[in-house]
Amino acid sequence: MRSRKGSFPERVFERALWATRYIMVVAVVAIVVLAVVSFYYALVDLTYLLSLAADYASLAPSERPAARDEGVTTVVKVLDGFFIGALLLVVAAGLYELFVGRIEGAETSEVGPRLLRISSLEDLKQRVAKLVVLILVIELFQRGCGSPTTARWRSSTWPRPSRWSAGAST
């Protein structure tokens, strides 16, 4: 390690500047919160999908194609929510490793090296780009599933009474 001679104010400034990288902890925490919210949305959509599946057999045969379309669209929404959450977790871990320090648990984990082989900001951007493309493909598929039949079924049956609501018979 080389000895650095500089003025006292210069050394203090450089240490302070280097310490600013810890600001990324705020971004990492915010991204983890976004991931949790994304997982929550996906779980709510999954619960809705399960209620659609439970009601599917009781639908009239003419309503089933629209209900199936709605179910497939919801499956895509659930996958999308989980993929977005996973993407956010990869970004959070990558930013932490790049700016703050190594994640000790990841180094000893079997999966850690596969997830966190990030040595630069460019590596992180490439990983994020691949996941974003996957999410965009899913979004495109989801929008393609939104057929006019599905819209007609939604308008004729919404709001659907939930079998878990207070007024529903058991």
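Brief remarks on what is shown
- Taken over the range 10-35, residues that are of a type in the set (Val, Ile, Thr), within 25 Å of Leu124 (Cα to Cα) and surrounded by fewer than 13 Cβ atoms within 10 Å (Cβ to Cβ) amount to 5.
- Residue that is surrounded by the fewest Cβ atoms within 10 Å (Cβ to Cβ), among those in the range 49-58 that are under 24 Å from Asp80 (Cα atoms) and either free of Cβ contacts under 8 Å to residues at least 12 places away in the same chain or in contact with a Ser or Thr (Cβ under 6 Å, 6 or more places away or on another chain) (or both): Leu50
- Residue within the range 67-89 that is closer than 28 Å to Leu17 by Cα and either within 19 Å of the chain's Cα centre (by Cα) or without any contact (Cβ under 8 Å) to a residue 12 or more places away in the chain (or both) present: yes
- Residues in the range 59-96 that are surrounded by fewer than 19 Cβ atoms within 10 Å (Cβ to Cβ) and among the charged types (D, E, K, R) were compared, and the one that is farthest from Asp123 (Cα to Cα) is Glu63.
Computed from the coordinates by the stated procedures, all read-outs in this text should not be read as laboratory data. Treat the numbers as computed from the prediction; the structure is a model and nothing was measured. Glycine gets a Cβ as well: all are built from the backbone with ideal geometry, and neighbour counts include every protein chain shown.
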